[in-house]
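*Asks:* Just dropping this structure here.
The values are calculated or read from the model by the stated rules, or taken from the named source; none is laboratory data. Keep in mind it's a predicted model, so treat the numbers as computed, not measured. Neighbour counts run over all protein chains shown; Cβ positions are idealised from the backbone, glycine included.
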Amino acid sequence: MGATFTYLLDKIRDAPFSAEPFRHVEIQDFLSPEHFSELCGDPQIHLPVAERTEDLIEQLGEAGYKLIPFPGCVTSADEYLRWFNSGWGHKVHGATESFGIVYRLADYRGSLLTELSDFMNSYEAKEALVEKFQLDRPVTIDYGVQKYLHGYEISPHPDIRQKALTWMLNLNPGDHSEDLEIHTHYLRLKKEWAFIGEFWRGNPTFERDWLPWAWCETIKQQRRNNSIVIFSPANDTIHAVKANYDHLQTQRTQLYGNLWYEPQTLPKVDFARFNISGEIQSALERTARTPATVQQLKTFYWAQLSHWRNLRQEIDSVLRRHRGLPG
């Protein structure tokens, strides 16, 4: 690792923690003004204005970017173009309304971009992050320069348990990028849905899921260019993105990275199973349209009370199968 970016180590070590809406570090002006300006002007970051999305995708390939699998995204440019040009397409998750496509830089050509990549992938950077967040298990680094096109959406989620750390540095080349609807939301579960976080906390052998936007409230957004947010995923680290913008002029660009624990496969309770109030409301509406006897209403009432007991039994059964025990 060269010395060009070692000043970032002190910025990471000295940064205070913020508590709202969850424990994280946010550093404004992370890169020096000179480095930030040079990187934003790099031809691999600042692409020419495109006339059509088809042209932009071609430009991304020529600039050294590769289409990658990424949460909330499709992995086919043709499928994305069909959706973009006609609105036809499937949702990638029941809690989202659209999907996008993400490109990662695979061929670093600029010397400063290369030096920054070497730094972010270095042992020294990893150890500074591990020490800052007091991670106590072995981790590996995944890092890259990424561009997210219009439609990219990942609904509120706290990240899977395998992730030890997430960081996102805004490196947007557009002059007015802070005004665009491309930025990460940091959210909190609304009061009526707070029990989901308690479920995740009390059941660490279950994976966490994405959630509908309506179940959460945005506390802040990371709009500032050259700002970085770093956090260690937990049951409350809920964040989300929904990009709605003209990507022909400029693209949402981040230096994005994770530290990962060893892979693990965990069972998951689908988010829809938590919507008890929605099920009750639907049943009440059906009842209002249909004459009901007192006995029918009692039956409905007791059925709803037993819902959580049944869910708990289902969870126990899934856990036993997952562990190879008799159901």
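*Asks:* Could you identify the single residue in Asn258, Asn226 that is in a loop (DSSP other than H, G, I, E, B) and modelled with pLDDT of 95 or more?
*Replies:* On the way: Asn258 fails: in a loop (DSSP other than H, G, I, E, B).
Only one candidate passes the filter, namely Asn226.
*Asks:* Okay, moving on. Would you point out the residue of region 187-227, among those that are more than 18 Å from Asp270 (Cβ to Cβ) and free of Cβ contacts under 8 Å to residues at least 24 places away in the same chain, that is surrounded by the fewest Cβ atoms within 10 Å (Cβ to Cβ)?
*Replies:* Lys191
*Asks:* Only one of these conditions is not met by His183: (1) in contact with a helix residue (DSSP H, G or I) (Cβ under 9 Å, 6 or more places away or on another chain); (2) surrounded by fewer than 18 Cβ atoms within 10 Å (Cβ to Cβ). Which number is it?
*Replies:* If we test His183 against (1) in contact with a helix residue (DSSP H, G or I) (Cβ under 9 Å, 6 or more places away or on another chain); (2) surrounded by fewer than 18 Cβ atoms within 10 Å (Cβ to Cβ), just (2) comes out false.
*Asks:* Of Glu62, Glu79, which residue is at pLDDT 95 or above, of a type in the set (Asp, Glu) and more than 17 Å from the chain's Cα centre (by Cα)?
*Replies:* Details: Glu79 fails: at pLDDT 95 or above.
When all the criteria are applied, what remains is Glu62.
*Asks:* If I filter region 71-86 down to residues being free of Cβ contacts under 8 Å to residues at least 40 places away in the same chain and either polar (S, T, N, Q) or part of a loop (DSSP other than H, G, I, E, B) (or both), which single residue comes out as farthest from Ser227 (Cα to Cα)? Walk me through how you get there before you give the answer.
*Replies:* First, the residues of region 71-86 that are free of Cβ contacts under 8 Å to residues at least 40 places away in the same chain: 74-79, 81-82, 85-86.
Now restrict to residues that are either polar (S, T, N, Q) or part of a loop (DSSP other than H, G, I, E, B) (or both): 74-76, 85-86.
On the way: Val74: 28, Thr75: 28, Ser76: 31, Asn85: 33, Ser86: 35 Å.
Going through the qualifying residues, I end up with Ser86.
*Asks:* If you check Phe70 against the conditions, is it out of contact with any strand residue (DSSP E or B) (no Cβ under 9 Å at 6 or more places or on another chain), under 26 Å from Pro156 (Cα atoms), modelled with pLDDT of 85 or more and crowded, with 18+ Cβ neighbours inside 10 Å?
*Replies:* Working: out of contact with any strand residue (DSSP E or B) (no Cβ under 9 Å at 6 or more places or on another chain): no; under 26 Å from Pro156 (Cα atoms): yes; modelled with pLDDT of 85 or more: yes; crowded, with 18+ Cβ neighbours inside 10 Å: yes.
Answer is no for this residue.
*Asks:* Which one is nearest to Leu9 (Cα to Cα) among residues in region 31-60 that are touching a residue at least 60 places away in the same chain (Cβ under 8 Å) and small (Gly, Ala, Ser)?
*Replies:* Taking the candidates together, the pick is Gly41.
*Asks:* Additional query: Listed residues Ala272, Ala240; which is touching a residue at least 12 places away in the same chain (Cβ under 8 Å), surrounded by 15 or more Cβ atoms within 10 Å (Cβ to Cβ) and outside any loop (DSSP other than H, G, I, E, B)?
*Replies:* Residue meeting the stated conditions: Ala240.
*Asks:* Scan region 25-33 and give yes if some residue there is assigned to a helix (DSSP H, G or I), out of contact with any strand residue (DSSP E or B) (no Cβ under 6 Å at 6 or more places or on another chain) and either in the same structural domain as Asn235 (by TED's automatic domain parsing) or surrounded by 14 or more Cβ atoms within 10 Å (Cβ to Cβ) (or both), otherwise no. Even if it seems obvious, please write down each step before you answer.
*Replies:* First, the residues of region 25-33 that are assigned to a helix (DSSP H, G or I): 33.
Next cut, out of contact with any strand residue (DSSP E or B) (no Cβ under 6 Å at 6 or more places or on another chain) only: 33.
Subsequent filtering for residues that are either in the same structural domain as Asn235 (by TED's automatic domain parsing) or surrounded by 14 or more Cβ atoms within 10 Å (Cβ to Cβ) (or both) retains 33.
Scanning region 25-33 turns up at least one residue that is assigned to a helix (DSSP H, G or I), out of contact with any strand residue (DSSP E or B) (no Cβ under 6 Å at 6 or more places or on another chain) and either in the same structural domain as Asn235 (by TED's automatic domain parsing) or surrounded by 14 or more Cβ atoms within 10 Å (Cβ to Cβ) (or both).
*Asks:* Further question: In the set Leu169, Leu129, which member is assigned to a strand (DSSP E or B) and at pLDDT 95 or above?
*Replies:* Working: Leu129 fails: assigned to a strand (DSSP E or B).
Exactly one of Leu169, Leu129 is assigned to a strand (DSSP E or B) and at pLDDT 95 or above, namely Leu169.
*Asks:* Is it the case that some residue within region 42-53 is touching a helix residue (DSSP H, G or I) at 6+ places or on another chain (Cβ under 9 Å) and part of a helix (DSSP H, G or I)?
*Replies:* yes
*Asks:* For region 157-164, state whether one or more residues are farther than 30 Å from Ile276 by Cα and either crowded, with 16+ Cβ neighbours inside 10 Å or outside the structural domain of Leu60 (by TED's automatic domain parsing) (or both).
*Replies:* Just the residues of region 157-164 that are farther than 30 Å from Ile276 by Cα, to begin with: 164.
Applying the additional criterion that residues be either crowded, with 16+ Cβ neighbours inside 10 Å or outside the structural domain of Leu60 (by TED's automatic domain parsing) (or both) yields 164.
Yes - at least one qualifying residue is present in region 157-164.
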